[in-house]
Amino acid sequence: MGRAERRAADWLKRGGRMLSSTCPNCGSPLFEIGGEVWCPRCNQP
């Protein structure tokens, strides 16, 4: 499992939510964590 996949799994375990939209930079699914939208691959809000 890659770094982005581990990060996404950790976010889900901590209550994050996978969104239906994707990152405009890399195409990965976006996650909502604490009211902010993050990309697990770019690791940016």
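Coordinate-derived values only; no laboratory data. Keep in mind it's a predicted model, so treat the numbers as computed, not measured. Virtual Cβ from ideal backbone geometry, glycine too; neighbours counted across all protein chains shown.
Under the condition of being surrounded by 13 or more Cβ atoms within 10 Å (Cβ to Cβ) and free of Cβ contacts under 8 Å to residues at least 24 places away in the same chain, which residue from segment 20-30 is farthest from the chain's Cα centre (by Cα)?
Taking segment 20-30 and keeping what is surrounded by 13 or more Cβ atoms within 10 Å (Cβ to Cβ), we get 23, 28-30.
Next, only the ones that are free of Cβ contacts under 8 Å to residues at least 24 places away in the same chain stay: 23, 29-30.
On the way: Cys23: 9, Pro29: 6, Leu30: 5 Å.
Going through the qualifying residues, I end up with Cys23.
Return the total of residues in segment 18-45 being in contact with a Leu (Cβ under 8 Å, 6 or more places away or on another chain) and outside any loop (DSSP other than H, G, I, E, B).
Summing the residues that are in contact with a Leu (Cβ under 8 Å, 6 or more places away or on another chain) and outside any loop (DSSP other than H, G, I, E, B) in segment 18-45 gives 11.
Of the residues in segment 7-17, how many are outside any loop (DSSP other than H, G, I, E, B) and either more than 15 Å from Gln44 (Cα to Cα) or of a type in the set (Asp, Glu) (or both)?
5
I'd like the full set of residues that are surrounded by 14 or more Cβ atoms within 10 Å (Cβ to Cβ) and either out of contact with any Cys (no Cβ under 6 Å at 6 or more places or on another chain) or touching a residue at least 60 places away in the same chain (Cβ under 8 Å) (or both), limited to segment 31-41.
Once the filter is applied, which keeps residues that are surrounded by 14 or more Cβ atoms within 10 Å (Cβ to Cβ) and either out of contact with any Cys (no Cβ under 6 Å at 6 or more places or on another chain) or touching a residue at least 60 places away in the same chain (Cβ under 8 Å) (or both), segment 31-41 yields Phe31, Glu32, Ile33, Val37, Trp38, Pro40.
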